[in-house]
Every structure is written in C-alpha cells, then in structure tokens.
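Engineer: Would you mind keeping the following structure in view while I ask a few things?
The values are calculated or read from the model by the stated rules, or taken from the named source; none is laboratory data. On a predicted model such as this, the values are computed, not experimentally measured, just so you know. Positions of Cβ are backbone-derived with ideal geometry, glycine not excepted, and every protein chain shown enters the neighbour counts.
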Amino acid sequence: MQRRELLKWLGAAPLAAACSSRVLAAPDAPAKLLVVFLRGGYDAASLLVPTSSDFYYQSRPNIAIPKPSADTGASLALTSDWALHPALKGSIYPLYQSQQAVFIPFAGTEDLTRSHFETQDTIEMGQGAGRRNYRSGFMNRLAAALNGSQVPAPISFTDQLPLIFQGSMNVPNVALRNIGKPALDDRQNRIIASMYANQELSGQVNEGFATKGEVAREMAAEMEAASRNAINTKGFELEAHRVASLMKDKYQLGFIDVGGWDTHVAQGAATGYLAGRFDELGRGLATFAREMGADWGKTVVVVVSEFGRTFRENGNRGTDHGHGSVFWVLGGGVSGGKIAGDQVALNARTLFQNRDYPVLNEYRAVLAGLFGQMYGLTGERLAEVFPGVAPKSLGLV
C-alpha cells in the first residue's frame, strides 16, 4: 500500500468505525450469526401490528392489539403503518429505537401446505420447490461456503442436530431442552393431592387437578408436536446468557429453536398466552444482546417461523395455520429502525386466498442478500447456499 493510500484509509477509519454496517459487511469480518426458529407458526399480526388497517381491527374483534396511545396495553408505534406488541416494550423496542432491529413483513416460503412439519423442513433445507434432500440444510451449506476464507465454527443449541445443520460440515449440538419446564409435573400434583386426602377439600382438589390435566393434555398435544422438542420461551430466556457466552468465545454460526407458538385457542391480545411468550422471547433476545458485549456489533440475529397465522381470528379466539409471516433481524451492526421489504396495504382483496398474509419477500432471497452483505459471498459461493436464488438486498447491514 502506498503512503498516500494509507493516509487516505486512516482518514476514513473513524467514519468506517461509526458505520458499523460497513464493518460487518467486510468480506473478512468475523461476523456472527444466530438463527432463532419459532416452531409452531407464531401470529405475526400480533407481533408487528398493522395499525393503519381498519380491516385488521374488524377481523380480530377479540384479539387485536390496540393502536398506539398512552394506555398500558397499547401497541408501540414504529411507523405510520406498523406498531410493536407492548410485551416487547422493555426488550426489542429499545433495539428498534437504537436502529438495531428490522422487521420484514410478508416474509416466508413458497410452501403452501400449511403443515408445520413440511414447511419447517422446507425452510431448513432452503432448496426450493421440488427439492427434498434431507441431508443438506442451508446453514450447513453456509458453513461450507465460508470454510477456508473464514472460520465458520458452527453450533446448534438443540437436543439433536436439526435439519438446517445437516450436511458435509461437522456441527456440534448442545441440549437446552430441560430448562424452563412447567413448575408442577404429574408426580408433584399427586403429592399435593395426597396432602388433602383426609380433608373436606380432597374432592375439589382431585377434580381440579383432573380437569387441569385433561385440558392441558388436549391443548399441549398439537403444540408439542409442532414444536419438535424445541426449548420453550422461558427456557430460552433463562439460557440466553449461556448461548451468548458460547457464541462470543468460540462459535460464529448458531441455531436455536423455540417452541410454543401454535395458538389455535385463547391466544390473548395485549395480555394473555401469546403476550407472555413474546415477553419471555424478547427478554431472552435482549439478554443475548447484552451478554454479547462488544461482539454485539458484529452479530446478526435472524428470527423466523415456518408460517404466520390466519388474518382473521377463529371461533376460539385464536388463529389457525397461515402463510406469510414477519421475520426479525437484530444486531449491533444492523441498519435498523425500519420495516423492510415489499409491502402491501392490508384489506380483504390483498389477503392470500382470502385468509393469510401473502409472501412478498421470499426467505431464501432475503437471506441470500443478507449473507452476501455479511460475508462478502457472491456468485458461485452464494449459489452453494441457496441454489438458483437471486439475492434480494434489503440493506439490512
């Protein structure tokens, strides 16, 4: 390097340091990526609230999130069209305000089965329509594409190696499944019931536990299946610091799945079941960001789900399997504080099949654009990760 070029570079260094997205985007930057998969198809219309759509409030008389106001349960204004669920006020909302969070509505896959399992597999493989090689997940292909030019060091925070990390690269996994299980199991319920065996309340106690168990089993069966043994949100919140410690010290590519999002019944609105899951997830992600310390500036967290939910609420004050969703992109080097990607006004005419969010931002194209910026991957290298996909640059980093 000539002296003149060196001085020019040094003069530009303060600006480059201030613009963290440029630092992150450098091909040789040790960027870190954590993919968080919300298994069960979370209700994206409760997370990112389309407040400018009157049709939204007509379609959800019981579960709509209120428009921004001074009320405690009101949504948090992001733009003139969108607001955030109030449960995320202390966690994700500050990241958005500091331009470290982006939301991508109308995101998802071309898979139309509305099956948890098929759509999860489709996303994890990332191979496109008609391709089903269960030995090749897109994060393993990303690690392989980075191998040699960078140090990928992948890890999966799951009981077993998930499909997304199947492939030629050797990927370790560490189980977090047992953290955050319910406070009382069946054995503990029996112990409590035995304490009342000779008292007048014994009948009510036994009946209460029986009813509780029956309802819990019915509601948990499908959700547990859809979650595929993923850790729950409480478990993620409790373990986020350990995930951050491993990502900070040793690993560059991470994956974790979080279950409990299949809300067919009584999902709630500003409060209730879904709000509780958002609160725990948000606090876990905020903990992860905080624990990453200085490395947060070169870290990107992508939050995805297999699909969204129906735009209209069902007869059980819940939502059913849908299509388009909302993806999140978080990080210290993210070009955030915005709603990214192609969008459309929400009304009865623009719904997909008159029921769901349409997919306007195909997930492989979005991730290909992101990985291209993060790692400097172009051409053949990027095609190894997502074959036949034209990257969609949304200026995320």
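Engineer: Can you name the residue in region 260-314 that is among the aromatic types (Phe, Trp, Tyr) and assigned to a helix (DSSP H, G or I) and is also nearest to residue 68 (Cα to Cα) among such residues? Write out each step before concluding.
Structural biologist: Step one: filter region 260-314 for residues among the aromatic types (Phe, Trp, Tyr), giving 261, 273, 278, 288, 296, 307, 311.
The next check asks that each one be assigned to a helix (DSSP H, G or I); those that pass are 273, 278, 288, 296.
Numbers: 273: 21, 278: 18, 288: 28, 296: 30 Å.
Ranking the qualifying residues of region 260-314, first place goes to 278.
Engineer: I need the helices (runs of 4 or more DSSP H) fully contained in region 26-125, keeping only those with at least 3 residues that are farther than 23 Å from residue 240 by Cα and touching a residue at least 24 places away in the same chain (Cβ under 8 Å). Don't jump to the end; show me each part of the working.
Structural biologist: Details: elements: 44-47, 54-59, 92-97, 116-125.
Per the criteria, 54-59, 116-125.
Engineer: While we're on this one: Considering only residues that are more than 15 Å from residue 91 (Cα to Cα) and hydroxyl-bearing (Ser, Thr, Tyr), look in region 234-289 and name the one that is nearest to the chain's Cα centre (by Cα).
Structural biologist: Narrowing region 234-289 to residues more than 15 Å from residue 91 (Cα to Cα): 235, 239, 242-274.
So of that shortlist, the ones also hydroxyl-bearing (Ser, Thr, Tyr) come out as 245, 251, 263, 271, 273.
Working: 245: 20, 251: 20, 263: 16, 271: 20, 273: 17 Å.
This residue is 263.
Engineer: Given the criteria over 20 Å from residue 329 (Cα atoms) and surrounded by 15 or more Cβ atoms within 10 Å (Cβ to Cβ), does residue 121 qualify? Let's see the steps before the verdict.
Structural biologist: Details: over 20 Å from residue 329 (Cα atoms): yes; surrounded by 15 or more Cβ atoms within 10 Å (Cβ to Cβ): yes.
Answer is yes for this residue.
Engineer: May I pose another question? Quick check: is even one residue across region 286-309 among the charged types (D, E, K, R), buried (at least 24 other Cβ atoms within 10 Å of the Cβ) and at pLDDT 95 or above? Let's see the steps before the verdict.
Structural biologist: Of the residues in region 286-309, the ones among the charged types (D, E, K, R) are 290-291, 295, 298, 306, 309.
Next, only the ones that are buried (at least 24 other Cβ atoms within 10 Å of the Cβ) stay: 306, 309.
Still in the running and at pLDDT 95 or above: 306, 309.
Yes.
Engineer: Would you please name the residue that is surrounded by the fewest Cβ atoms within 10 Å (Cβ to Cβ), looking only at residues in region 55-72 that are of a type outside the set (Val, Ile, Thr) and closer than 22 Å to residue 339 by Cα?
Structural biologist: Looking only at region 55-72, we keep the residues that are of a type outside the set (Val, Ile, Thr), and these are 55-62, 64, 66-71.
Checking the rest, the ones that are also closer than 22 Å to residue 339 by Cα come to 55-57, 64, 66-69.
Working: 55: 17, 56: 19, 57: 15, 64: 21, 66: 17, 67: 15, 68: 16, 69: 10.
Ranking the candidates gives 69 first.
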